[in-house]
Amino acid sequence: MQQIKIFKRLENELEALEKSVNEWLAAHPVQVIQIFGNIAPPGPKAPQASMISRSTHDPSDVLLIVVYEKA
């Protein structure tokens with residue numbers, strides 16, 4: 001039976017997202033069927049955000065979904 005695992009981070013935390021997915025895969029004996037993802041459209045910059053930031057928007061959410069079957 002196919003199941004899913006959902007991972008979510010901010011776009012400025014991609015290395016942490018990658019690490020989370022890889023650690024989960026290493027810890028669970030699963031057969032990966034598919035991995036896909038999406039990034040939310042950028043929203044307006046929060047008014048309390050620092051002017052030092054070069055970005056014109058707050059970081060967007062990144063969603064990764066792993067479709068798998070238990071081994």
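The values are calculated or read from the model by the stated rules, or taken from the named source; none is laboratory data. None of the values given here were measured: they were computed from a predicted structure. Note: accessible area is taken over every heavy atom of the protein model, side chains too, but ligands, DNA and RNA are not part of it. Shrake-Rupley method; radii C 1.70, N 1.55, O 1.52, S 1.80 Å.
Tabulated values for the structure
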read-out	value
Per-residue ³J(HN,Hα) for segment 36-42, Karplus 6.51 cos²θ - 1.76 cosθ + 1.60, θ = phi - 60°, Hz, x for Gly and Pro	9, x, 7, 10, 5, x, x
Gain in span if fully extended, ASN12 to ILE35, counting 0.36 nm per residue against the direct Cα distance	6.3 nm
With all protein chains modelled, accessible area of PHE36 [1.4 Å, Å²]	90
Heavy-atom accessible area per residue - segment 1-42, 1.4 Å, Å²	80
